Every structure is written in structure tokens, then in C-alpha cells.
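Shown next, in C-alpha cells, is the structure this report addresses.
The values are calculated or read from the model by the stated rules, or taken from the named source; none is laboratory data. Bear in mind the structure is a predicted one, so any value in this text is a computation, not a measurement. Positions of Cβ are generated from backbone atoms using ideal geometry, with glycine treated the same way; all protein chains shown enter the neighbour counts. Side chains are part of the model used for accessible areas, which takes the heavy atoms of the whole protein and leaves out ligands, DNA and RNA. Shrake-Rupley method; radii C 1.70, N 1.55, O 1.52, S 1.80 Å.
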Amino acid sequence: VVWVCCAPFSILAQQQEETVPSIYLMKDGLPTEGVNCARQDSLGFIWLGTYSGLVKFDGYRYTNYRNNPESSNSLSSNLVHSLVEDGMGRLWIGHSNGVDLFDPRTEKFYLHWPDSGDHKNAFTARLRKRKDGRIWICTYNGVYVADPKTLNIEKFSQHSSHTYDIAETSDGSVVTAS
């Protein structure tokens, strides 16, 4: 597996000197397992959701975050499927056991959802940011809506079956993929 990082063309056009892409390999900390999703946050960090956890790339090195059953400050599952940044700069992490909330500034994990019960039905396939700033959570058990301000998560009653993705149309209606 090879990860190539290079500057966007707009930056290259503004610079007079040539930028050479950097190649990052597994020996540099790149995960050996597959990458399911990638996202750049508002601070410029690149986040990868992989089969073996969450990975942060700061432009120089990788930091790996994995499940540690003995710590409440870790991922609930290493099988990360989806990442969304909320308006407060926190990462919502969708994985095979539900959703975790991570604050990159403090490196603390919050809100392990669901906090009890049947994790099999909480398998989170996709997270999407809604137009109002709340978070869509698409699971094997239907669609939920999370409020980043209150951390309250409620079932979206209109969709109660396996939902893999969701989108809001310009007229405000919702389209799902099951």
C-alpha cells in the first residue's frame, strides 16, 4: 500500500518552485489494512478510517488510534467505515459497533454509541452532515440523527431498515440507499 501526498494545483500555480510529491509507506506508519474512508479536517489533518482503526496524518507522520478494551478513551471498534467533522471540530466515527466521538484537540473519545445493548444492529455504514449541522447515522437498524450540541441521538422514524447511505435534496426531502 502506498499513500502519495502532493500539493493541489492551485498552490503549485502560486509557487515558482516545483513541488515534489512525497511517498509514504507502511514503514512510515501507513496502515497495512485497507482504507475505507478519508477526510481532511478544518485544521488540515488527514484522517483515514481503516480495517485496523483510525489514523491521523499530520503531513509528516501517522498516529494510529485503535480499540483498547481496558480503556474508555479508545475506539469501540477498529473497523471504521465513515468520518464526519462537526461544527466544533470533533470527529464522528462510524464503525462496526456504532459511533464514537473524538476531539482531536484533546485526543479524547466521547460518546460511545450505543452505550449498551445489541451492537450488531448498530453497525454504522455511513455518517453524513445535515444542512442544519446535525449528523445522519445510517445503520443496519435504520437511520438516526445526532445533535452535536446536546449529544442526543434519536431514531429517524421514517427509515427503520438497513440503510447504507442518505442524502438531503434541495427541496429538503431525504433519499436513502438500503
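When Arg66, Arg90 are screened for being free of Cβ contacts under 8 Å to residues at least 24 places away in the same chain, in contact with a strand residue (DSSP E or B) (Cβ under 9 Å, 6 or more places away or on another chain) and of a type outside the set (Phe, Trp, Tyr), only Arg66 passes. When each of Thr150, Thr139 is tested for being over 19 Å from the mean Cα position of the chain (by Cα), closer than 15 Å to Asp100 by Cα and at pLDDT 85 or above, the lone residue that passes is Thr150. Here Ala167 fits the description: on the phi < 0 side of the Ramachandran plot, modelled with pLDDT under 85 and either out of contact with any Ser or Thr (no Cβ under 9 Å at 6 or more places or on another chain) or not hydroxyl-bearing (Ser, Thr, Tyr) (or both). Would you be able to tell me the number of residues in the range 90-122 that are under 21 Å from Ser72 (Cβ atoms), in contact with a Ser or Thr (Cβ under 9 Å, 6 or more places away or on another chain) and of a type outside the set (Asp, Glu)? Within the range 90-122, residues that are under 21 Å from Ser72 (Cβ atoms), in contact with a Ser or Thr (Cβ under 9 Å, 6 or more places away or on another chain) and of a type outside the set (Asp, Glu) number 13.
Looking across Glu85, Glu154, Glu168, one residue alone is surrounded by fewer than 17 Cβ atoms within 10 Å (Cβ to Cβ) and either under 24 Å from Gln40 (Cβ atoms) or out of contact with any strand residue (DSSP E or B) (no Cβ under 7 Å at 6 or more places or on another chain) (or both). It is Glu168. For the structure I just gave you, tell me whether Asn78 is open to solvent by 10 Å² or more (accessible area, probe 1.4 Å), in contact with a Leu (Cβ under 7 Å, 6 or more places away or on another chain) and not basic (Lys, Arg). No; evaluated as a whole, the condition is false for this residue. Candidates in the range 39-58 are the residues that are farther than 10 Å from Ser82 by Cα and among the small types (Gly, Ala, Ser); of these, the one that is surrounded by the fewest Cβ atoms within 10 Å (Cβ to Cβ) is Gly44.
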